[in-house]
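Chemist: Once you've had a glance at the structure underneath, I'll fire off some questions.
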Amino acid sequence: MTAHLKQDEPDTANFLDTMKQGVLGKPVSRIEGLAKVTGTAPYAAEYPVENLAEGVLVTATIVRGEVVSIDKDAALAMPGVLAVIDDKCLTTRAAQGTANEAPQQNPRKVDYWGQPIAVIVAESFEQARDAAKHLSVEYREEEGAPLDPSAVEPEEQEDETVDQGDLAHAMARADHAADLEISTEGHASAAMEPHAAIAEWDGDKVTVYASLQMLNYNITELADSLGVDEDRVRLVSRYVGGGFGSKLGVSEEVVAAAIAARAVGRPVRVVMSRQQVFQCVMRRSETKQRLRLASDGEGRLDGFGHEALVSNLPEEDFAEPVLQSSHFLYGGKNRALKLEVARIHRMTAGSVRAPGEAVGMPALEVAMDVLAEKTGVDPVELRIRNIPDCNPEEDLPFSSHKLAECLQQGAEKFGWDAGARKPRQTRDGEWWVGTGMASAARVHNVGEARARVTLRPDGTAEVRTDMTDIGTGTYTIVAQMVGEMLGLGVDDVLVQLGDTDFPRGSGSGGSWGGASIGSAVYLACRALREKLAKKAGTEESDLALRNGAVEGGKSLADLLDGQELSEEGHYEPGEIADTHTASGFGAFFAQVRVNRFTGETRVDRMLGAFGFGRVLNAKTARSQCLGGITWSIGAALTEALHFDPRDGHLVNCDLAEYHVPVNRDVPEVEVLMVEERDPVASPIQAKGIGELGMCGGAGAIANAIYNACGARVLDFPMTPDRVLAAMPD
Amino acid sequence: MRPFDLQRPDSLEHARNLSTGETATLIAGGTNLLDLMKLQVEVPERVVAIDRLGMNEIQATEDGGLRIGALVTNTATANDARIRSDYPVLARAILAGATQQLRNRATTGGNLCQRTRCYYFTNIDQPCNKREPGSGCGAIEGIARLHGVLGTSSSCIATYPGDMAVAMSALDATVEIVSADGSERSVPVRDFHLLPGDTPWRDNVLETGEIITAVTLPALVEGKQLYRKVRERSSYAFALVSVAAIIAMEGDTIARADLAFGGLAHKPWYDPRLSDLLVGKAPDAALFDSAADLLLENAQGYGENDFKIPLARRTLAAVLAEATETEL
Amino acid sequence: MPDTITINGTDHTLPSDPRVSLLDFLRHDLGLSGTKKGCDHGQCGACTVIVNGMRINSCLTLAALHDGDDVTTIEGLGTPENPSALQAAFVEHDGYQCGYCTPGQICSATAMLDEIKAGFASDASESLDGEMEASADEIRERMSGNLCRCGAYANIVAAIRDVASQGETA
């Protein structure tokens, strides 16, 4: 049986709140936690497969052109080498998130420096790596590939364009106006687990153990890449060592492992080197943005402009959606928004945690800080004043909106001083100390999801779905959802994820996993409750289940009477997505210190206050917020991809020179969850969490730097050189 | 990695004999060498492990200094009571570098021989005169954020990436070296590393077959010792600029000023003229500025790293101000 | 020359290919995949193991040079049935998310607490002399050799401080 819901109407019944177990939302420790801390949780490269050969990708050393020939014989003569594979089905880019079809193939055609062109298979990893380094490749290079996003005529993304009223006029007549150009550098996901796959064929069926976020789409992408039917492919990703967008689509090593295993007739493992992960998966595009804000004397916006230039390879649909939340966060009837893409031959641009808002929101929030200074309105108050009643571009109601509460409660908890603000008011030895804040916003998404929940005769439950847990806490919230609905403790719920033999989940990405799969599980449980109610001789709405029994009645095991009950929940986003604007909102507060000699910035403390609907697990939800804030610190201070101007190759392609935050960069962080029930977001009233924590945070740090030392830095990351360059004498 | 012959001699003499060929290399902690071998930047045919040859003690010298064996780990040096009390600049420099895991393996001799972190050097599919003489320098017209502003050449602008040697340069330590034929020589740390010139593949004065056996620190010196490292993140990052300083005051004037700089050049940068300029003068902003003028008079940026010139000036001022307790 | 290595109390024969890193030896040859490969170049700390009492990056050392050494990996610190204090604290404080850096974090933290007891100084130490404290600032610096991209640092510090304070009272 399948319980299906396509959500077309708001759900204000909040049925979950009538349940009796009281486990949903609680700070339950991760149910897979002991497996992770003892090293027994298997990640993609770690499945025990017999007779494994090792594959290593070979990558291109030209920008654009074609592979003319490969000296396979020389490589095959090296010790242990089994095969040199340049099959036309090898993929040369990772698929974009939810692509649901093969990404670019044909490794003979080169579009960027570092692109995979072949895979070498050998008996041992050392043999394969050595042979890959030695492979002699002849290229025909096509000169003149554009590499600089500022030097090409960009393509306008017309569905992003808004031209409403007359912004230029609004700017000219405004009491106060801010007009800023802000840039951000490219980012890497840099998940700690490198992309890896083990492929094993059994007849004409292949099983691939991989590290992927969205198996439901990845299976189609892989099957399409291999030219086989989907029913001949099984993907397994029980544990994913971080994704952050880089594992949304099927990546090159997955297809390579499957092709190689078929070619050599035995299982093959392909693990990307860290350098390859940097160079041939996904980058977040750099951005150049222009922000224009026009306000009256009290800071009320009359004009709002946000334009951005991003880049990507030819033939890629993805354009960093910089303006995503700018469309609705603040009012202003005169509006001009425009997103443009420069087609250049750097590696593929795609999703990196919080695509769009991660870089758009900090820029907007710096502009708001400039406006606050010009108007003399406290930055928190300025934002509250500009919260629109409805989406200012489409006249759609908000599903729920906690920005004002987050700003107010966050300010109070942080101890925000709403008095007059001026840079350089506090010095501690060599350090200027200051505070800053920013709003947070991140659009809410949901995806189609299925999950099967089975009540076993002993009264325990099992959940099966190909949904993934990339560190977000899926295992645990699924157990909590089942526990809440069926009156079970989380220990009585076995959660099986990450296997395409199970019903298809939503996958993890765009912060949609919790709400989507949670809804599917919820629906399955509703259907199970119907059956249980019938057995108990009552209505489902009256069925009170707690601690494995009907309250004041039979235990589940007795009720089941030796039978097993199983239901599949199937959740689909409905029309409601078109009739409302749904978003998570929040506020960041930061205190930083800036060294007056060296321009080094250290974050002293940060607070984030967020409203994202129902909290499914207070512990893992908080951790998601901490993670986002940590990323905010990286985006603010250290993270930048550097590309060579002559061949476009990613220069700092390792973890020594691409600076993700280290432990010492992250201070005391406080998280305030402003709980709400969003009736539109999902039938469980939950919204996305994982990305919101970095959607604006870097702006709070930028504004704190200004308040500390008077340096208004308009280029992210705000490395010491940039802070010094902007610092007044 | 390319296949190689691994040898683990049990005596220094045997090690010397094994490492005479051009294609042999020594391995001690291995934290830099294996990194580069995996990238095939280093492709030795023979690797001679010297990790069990002793040379792992810190001993007092006759003239009141300390002799740090080549195989003493960075951790052991930084935590040695004598180093901590008498040569805190060295302990601080080591602790500012890398991570505890790496310092537990990294050795004194290996750290001195640490190779540059230039992105073009570590990528074998890019030009680099240091790695492949005559192939050109990728950094000069490329991304030169990490690179040098002092003593660069048209063939190489790489920097020496370490911290330990910067402190040793300020301390005027001496490197003890034994050659393939068993003869011994001593080279001041200040002269150990080379500028790139037109032979950028030579990082230092070591000849084929030579082995570092120890670094000797001179007798305890008076003055305040400071190590200041400016970096993009608060830990686990190479220096944009670093300064090791030993500054002594006599009354209101500077009596001693030994300064060495990291992140600026192909070697820990020591300019004896700074000491001449500073000693005998009363510390103030103008004096610190003059010192920076002198330090940086021939500095040349390569676009991406232009910032290092003002950053070095400001960091020097901060260090001198702290050491002389001058309010700026 | 002996060619055995002791790992979590069990002797193993070292690999014949001298190129094999201690990390690959653990993961590929012995199936001890609790030790993770994050970068293979000493830039992330995921491969941290404890050799003769000292934490090191197992990716940057040749297995063949560890004859006679005593290695402790995450599998040697505890099991799901019997986790170590730090392992339990990481679960309680949610000191991880994806879990991939976690074994390295825990091996690192295990050795780090011993280093603090032994009086090792760090870049965060105000003074190089005297007893070292497991303060938040000290832990942050001392754990900076273990990257966590999920951003669980605040919880990692909380978990370690919890165990460190238990150690003081015990």
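Chemist: Based on this model, can you work out whether B:Phe288 counts as under 30 Å from C:Tyr153 (Cα atoms) and among the hydrophobic types (A, V, I, L, M, F, W, C)? Before you say what the answer is, go through the steps one by one.
Modeler: Details: under 30 Å from C:Tyr153 (Cα atoms): no; among the hydrophobic types (A, V, I, L, M, F, W, C): yes.
Criteria not met by B:Phe288.
Chemist: Among the residues of the range A:130-145, is there at least one that is of a type outside the set (Lys, Arg), touching a His at 6+ places or on another chain (Cβ under 8 Å) and within 29 Å of A:Ala223 (Cα to Cα)?
Modeler: We begin by selecting, within the range A:130-145, every residue of a type outside the set (Lys, Arg); these are A:130-132, A:134-139, A:141-145.
Next, from what is left, pick out any that are touching a His at 6+ places or on another chain (Cβ under 8 Å): A:145.
Filter again for within 29 Å of A:Ala223 (Cα to Cα), leaving none.
Scanning the range A:130-145, I find no residue that is of a type outside the set (Lys, Arg), touching a His at 6+ places or on another chain (Cβ under 8 Å) and within 29 Å of A:Ala223 (Cα to Cα), so the answer is no.
Chemist: Restricting attention to the range B:73-82, does a residue exist that is among the small types (Gly, Ala, Ser), free of Cβ contacts under 8 Å to residues at least 40 places away in the same chain, within 11 Å of another protein chain (Cβ to nearest Cβ) and surrounded by fewer than 22 Cβ atoms within 10 Å (Cβ to Cβ)?
Modeler: Within the range B:73-82, the first condition is being among the small types (Gly, Ala, Ser), and the residues that meet it are B:76, B:78, B:81.
Pick out the ones that are also free of Cβ contacts under 8 Å to residues at least 40 places away in the same chain and you get B:76, B:78, B:81.
Those left that are additionally within 11 Å of another protein chain (Cβ to nearest Cβ): B:76, B:78, B:81.
Next cut, surrounded by fewer than 22 Cβ atoms within 10 Å (Cβ to Cβ) only: B:76, B:81.
Checked against the condition, which is being among the small types (Gly, Ala, Ser), free of Cβ contacts under 8 Å to residues at least 40 places away in the same chain, within 11 Å of another protein chain (Cβ to nearest Cβ) and surrounded by fewer than 22 Cβ atoms within 10 Å (Cβ to Cβ), the range B:73-82 yields at least one hit.
Chemist: Of these, A:Arg424, A:Arg452, which one is touching a helix residue (DSSP H, G or I) at 6+ places or on another chain (Cβ under 9 Å) and in the same structural domain as A:Asp558 (by TED's automatic domain parsing)? I'd like the intermediate steps shown before the answer.
Modeler: Values: A:Arg424 fails: in the same structural domain as A:Asp558 (by TED's automatic domain parsing).
Selected residue: A:Arg452, the only one of A:Arg424, A:Arg452 that is touching a helix residue (DSSP H, G or I) at 6+ places or on another chain (Cβ under 9 Å) and in the same structural domain as A:Asp558 (by TED's automatic domain parsing).
Chemist: For A:Ser237, work out the one condition from (1) under 30 Å from A:Gly627 (Cα atoms); (2) touching a helix residue (DSSP H, G or I) at 6+ places or on another chain (Cβ under 8 Å); (3) away from chain C (no Cβ under 14 Å) it doesn't fulfil.
Modeler: (3)
Chemist: Could you give every pair whose Cβ atoms fall below 6 Å, whose first residue belongs to the range A:694-709 and is over 20 Å from A:Val443 (Cβ atoms), and whose second residue is part of a helix (DSSP H, G or I) and modelled with pLDDT of 95 or more, counting only separations of at least 6 or pairs across chains?
Modeler: Listed pairs, sorted by first residue: A:Ile701/A:Ala636; A:Ala702/A:Val366; A:Asn703/A:Asp369.
Chemist: Considering only the range C:113-134, I want to know if a residue exists there that is farther than 22 Å from A:Leu655 by Cα, open to solvent by less than 10 Å² (accessible area, probe 1.4 Å) and among the aromatic types (Phe, Trp, Tyr).
Modeler: No, the range C:113-134 contains no residue that is farther than 22 Å from A:Leu655 by Cα, open to solvent by less than 10 Å² (accessible area, probe 1.4 Å) and among the aromatic types (Phe, Trp, Tyr).
Chemist: Restricting to the range A:37-55, name every residue that is of a type in the set (D, E, K, R) and either crowded, with 16+ Cβ neighbours inside 10 Å or under 27 Å from C:Leu86 (Cα atoms) (or both).
Modeler: Step one: list which residues in the range A:37-55 are of a type in the set (D, E, K, R), which gives A:46, A:50, A:54.
A:Glu46, A:Glu54 - these are the residues of the range A:37-55 that are of a type in the set (D, E, K, R) and either crowded, with 16+ Cβ neighbours inside 10 Å or under 27 Å from C:Leu86 (Cα atoms) (or both).
Chemist: On to the next question. Just for the range B:289-311: of the residues that are within 15 Å of A:Ala725 (Cβ to Cβ) and crowded, with 20+ Cβ neighbours inside 10 Å, which one is nearest to the chain's Cα centre (by Cα)? Break it down stepwise before answering.
Modeler: We begin by selecting, within the range B:289-311, every residue within 15 Å of A:Ala725 (Cβ to Cβ); these are B:301, B:303-311.
Restricting the remaining residues to those that are crowded, with 20+ Cβ neighbours inside 10 Å gives B:305, B:307-308, B:311.
Working: B:Asn305: 20, B:Phe307: 21, B:Lys308: 18, B:Leu311: 19 Å.
In this case the residue turns out to be B:Lys308.
Chemist: Quick one: B:Leu34 ticks every box in (1) surrounded by fewer than 23 Cβ atoms within 10 Å (Cβ to Cβ); (2) without any contact (Cβ under 8 Å) to a residue 60 or more places away in the chain; (3) within 11 Å of another protein chain (Cβ to nearest Cβ); (4) touching a strand residue (DSSP E or B) at 6+ places or on another chain (Cβ under 9 Å) except a single one, so which number is it?
Modeler: (1)
Chemist: Right, something else. I'd like the full set of residues that are open to solvent by 10 Å² or more (accessible area, probe 1.4 Å), among the hydrophobic types (A, V, I, L, M, F, W, C) and more than 7 Å from every other protein chain (Cβ to nearest Cβ), limited to the range A:641-673.
Modeler: A:Phe643, A:Cys653, A:Val671, A:Leu672, A:Met673
Chemist: Show me the strands (runs of 3 or more DSSP E) entirely contained within the range B:181-259 in which 1 or more residues are touching a Phe, Trp or Tyr at 6+ places or on another chain (Cβ under 8 Å) and either touching a residue at least 60 places away in the same chain (Cβ under 8 Å) or among the small types (Gly, Ala, Ser) (or both). If you could, list the steps in order and put the result at the bottom.
Modeler: Working: elements: B:184-188, B:211-217, B:224-230, B:241-250.
Counting at least 1 such residues, we get B:211-217, B:224-230, B:241-250.
Chemist: Suppose we keep only residues that are within 12 Å of the chain's Cα centre (by Cα) and more than 7 Å from chain B (Cβ to nearest Cβ) within the range C:53-64. Which one would you say is most open to solvent (accessible area, probe 1.4 Å)? Before the answer, list the steps.
Modeler: First, the residues of the range C:53-64 that are within 12 Å of the chain's Cα centre (by Cα): C:53-58.
Among the residues that remain, those that are also more than 7 Å from chain B (Cβ to nearest Cβ) are: C:53, C:58.
Numbers: C:Gly53: 52, C:Ser58: 0 Å².
Taking the candidates together, the pick is C:Gly53.
Chemist: Can you tell me which residues in the range A:98-157 are in a strand (DSSP E or B), under 25 Å from A:Ala45 (Cβ atoms) and open to solvent by less than 30 Å² (accessible area, probe 1.4 Å)? Let's see the steps before the verdict.
Modeler: Within the range A:98-157, the subset in a strand (DSSP E or B) is A:105, A:109-110, A:116-122, A:137-141, A:155-156.
Still in the list and also under 25 Å from A:Ala45 (Cβ atoms): A:105, A:116-122.
Of everything in the range A:98-157, those that are in a strand (DSSP E or B), under 25 Å from A:Ala45 (Cβ atoms) and open to solvent by less than 30 Å² (accessible area, probe 1.4 Å) turn out to be A:Pro116, A:Ile117, A:Ala118, A:Val119, A:Ile120, A:Val121, A:Ala122.
Chemist: A further question follows. Please work out which residue is nearest to the chain's Cα centre (by Cα), limiting yourself to the range A:602-639 and to residues that are within 12 Å of chain C (Cβ to nearest Cβ) and basic (Lys, Arg).
Modeler: In this case the residue turns out to be A:Arg622.
Chemist: Would you confirm, using the coordinates I've provided, whether A:Ala515 is over 17 Å from A:Asn617 (Cα atoms) and either of a type outside the set (Phe, Trp, Tyr) or touching a Phe, Trp or Tyr at 6+ places or on another chain (Cβ under 8 Å) (or both)?
Modeler: Values: over 17 Å from A:Asn617 (Cα atoms): no; either of a type outside the set (Phe, Trp, Tyr) or touching a Phe, Trp or Tyr at 6+ places or on another chain (Cβ under 8 Å) (or both): yes.
Taking the combined requirement at face value, the residue does not satisfy it.
Chemist: Take the residues of the range A:177-206 that are in contact (Cβ under 8 Å) with a residue 40 or more places away in the chain and surrounded by fewer than 21 Cβ atoms within 10 Å (Cβ to Cβ): which is farthest from A:Val366 (Cα to Cα)? Write out each step before concluding.
Modeler: Of all residues in the range A:177-206, those in contact (Cβ under 8 Å) with a residue 40 or more places away in the chain come to A:177-201, A:206.
Right, trim to surrounded by fewer than 21 Cβ atoms within 10 Å (Cβ to Cβ) and you get A:177, A:179-181, A:183, A:185, A:201.
Numbers: A:Ala177: 13, A:Asp179: 11, A:Leu180: 9, A:Glu181: 10, A:Ser183: 12, A:Glu185: 16, A:Trp201: 53 Å.
Restricting to residues being in contact (Cβ under 8 Å) with a residue 40 or more places away in the chain and surrounded by fewer than 21 Cβ atoms within 10 Å (Cβ to Cβ), the top hit is A:Trp201.
Chemist: Identify, from the list C:Gly38, C:Gly99, C:Gly42, C:Gly95, the residue that is farther than 28 Å from B:Ala76 by Cβ and facing another protein chain (nearest Cβ under 7 Å). Don't jump to the end; show me each part of the working.
Modeler: On the way: C:Gly38 fails: farther than 28 Å from B:Ala76 by Cβ; C:Gly42 fails: farther than 28 Å from B:Ala76 by Cβ; C:Gly95 fails: facing another protein chain (nearest Cβ under 7 Å).
Being farther than 28 Å from B:Ala76 by Cβ and facing another protein chain (nearest Cβ under 7 Å) holds for just one of C:Gly38, C:Gly99, C:Gly42, C:Gly95, which is C:Gly99.
Chemist: For the range C:119-151: of the residues being among the hydrophobic types (A, V, I, L, M, F, W, C) and more than 8 Å from every other protein chain (Cβ to nearest Cβ), which is farthest from A:Gly628 (Cα to Cα)? Steps first, please.
Modeler: Here is the first cut: in the range C:119-151, the ones among the hydrophobic types (A, V, I, L, M, F, W, C) are C:120-121, C:124, C:128, C:132, C:134, C:136, C:139, C:143, C:147-148, C:150.
Restricting the remaining residues to those that are more than 8 Å from every other protein chain (Cβ to nearest Cβ) gives C:132, C:134.
On the way: C:Met132: 32, C:Ala134: 26 Å.
The residue in question is C:Met132.
Chemist: Looking at A:Val255, is it within 14 Å of chain C (Cβ to nearest Cβ), crowded, with 22+ Cβ neighbours inside 10 Å, on the phi < 0 side of the Ramachandran plot and modelled with pLDDT of 95 or more?
Modeler: Numbers: within 14 Å of chain C (Cβ to nearest Cβ): no; crowded, with 22+ Cβ neighbours inside 10 Å: yes; on the phi < 0 side of the Ramachandran plot: yes; modelled with pLDDT of 95 or more: yes.
Answer is no for this residue.
Chemist: Looking at the range C:78-112, which of the residues that are assigned to a loop (DSSP other than H, G, I, E, B) and touching a residue at least 40 places away in the same chain (Cβ under 8 Å) is most open to solvent (accessible area, probe 1.4 Å)? Walk me through how you get there before you give the answer.
Modeler: Looking only at the range C:78-112, we keep the residues that are assigned to a loop (DSSP other than H, G, I, E, B), and these are C:78-84, C:93-101.
Adding the requirement that they be touching a residue at least 40 places away in the same chain (Cβ under 8 Å) leaves C:93-98, C:100-101.
On the way: C:His93: 53, C:Asp94: 0, C:Gly95: 1, C:Tyr96: 1, C:Gln97: 7, C:Cys98: 6, C:Tyr100: 6, C:Cys101: 8 Å².
Ranking the qualifying residues of the range C:78-112, first place goes to C:His93.
Chemist: For the range A:258-286: of the residues being of a type in the set (Val, Ile, Thr) and open to solvent by 20 Å² or more (accessible area, probe 1.4 Å), which is farthest from the other protein chains (Cβ to nearest Cβ)? Before you say what the answer is, go through the steps one by one.
Modeler: At the first step, the residues of the range A:258-286 found to be of a type in the set (Val, Ile, Thr) are A:259, A:264, A:268, A:270-271, A:277, A:281.
Pick out the ones that are also open to solvent by 20 Å² or more (accessible area, probe 1.4 Å) and you get A:264, A:271.
Working: A:Val264: 18, A:Val271: 7 Å.
Top of the filtered list is A:Val264.
Chemist: Would you mind listing the strands (runs of 3 or more DSSP E) fully within the range A:362-479 where at least 1 residues are among the hydroxyl-bearing types (Ser, Thr, Tyr)? Give the derivation first.
Modeler: On the way: elements: A:426-428, A:431-443, A:449-455, A:461-464.
Ranges flagged: A:426-428, A:431-443, A:449-455.
Chemist: Report yes if some residue within the range C:65-77 is of a type in the set (A, V, I, L, M, F, W, C), in a helix (DSSP H, G or I) and either more than 27 Å from C:Ser21 (Cα to Cα) or within 12 Å of chain B (Cβ to nearest Cβ) (or both); otherwise report no.
Modeler: Filtering the range C:65-77 for residues of a type in the set (A, V, I, L, M, F, W, C) gives C:65, C:71, C:74, C:77.
Restricting the remaining residues to those that are in a helix (DSSP H, G or I) gives C:65, C:74, C:77.
Still in the list and also either more than 27 Å from C:Ser21 (Cα to Cα) or within 12 Å of chain B (Cβ to nearest Cβ) (or both): C:65.
Looking for residues that are of a type in the set (A, V, I, L, M, F, W, C), in a helix (DSSP H, G or I) and either more than 27 Å from C:Ser21 (Cα to Cα) or within 12 Å of chain B (Cβ to nearest Cβ) (or both), one finds at least one in the range C:65-77, hence yes.
Chemist: Among the residues in the range A:45-57, are any facing chain C (nearest Cβ under 7 Å) and either in a loop (DSSP other than H, G, I, E, B) or within 17 Å of A:Pro267 (Cα to Cα) (or both)? Can you show your working first?
Modeler: From the range A:45-57, those facing chain C (nearest Cβ under 7 Å) are A:46, A:48; that's our starting set.
With either in a loop (DSSP other than H, G, I, E, B) or within 17 Å of A:Pro267 (Cα to Cα) (or both) added as a condition, the list becomes A:46, A:48.
Yes, the conditions are met somewhere in the range A:45-57.
Chemist: Between a residue in the range A:538-560 that is within 12 Å of A:Lys20 (Cβ to Cβ) and any residue that is among the basic types (Lys, Arg), which pairs come within a Cβ distance under 8 Å, given they are 6 or more apart or on different chains?
Modeler: Within 8 Å, the pairs are A:Leu543/A:Arg529; A:Ala544/A:Lys20; A:Leu545/A:Lys20; A:Leu545/A:Arg529; A:Arg546/A:Lys20; A:Glu551/A:Lys20.
The values are calculated or read from the model by the stated rules, or taken from the named source; none is laboratory data. Nothing here was measured: the structure is a model prediction, and the numbers come from that model. Don't worry about glycine lacking a Cβ; one is built from the backbone with ideal geometry, like all the others, and counts go over all protein chains shown. Only protein heavy atoms, including side chains, enter the accessible area calculation; ligands, DNA and RNA are left aside. Shrake-Rupley method; radii C 1.70, N 1.55, O 1.52, S 1.80 Å.
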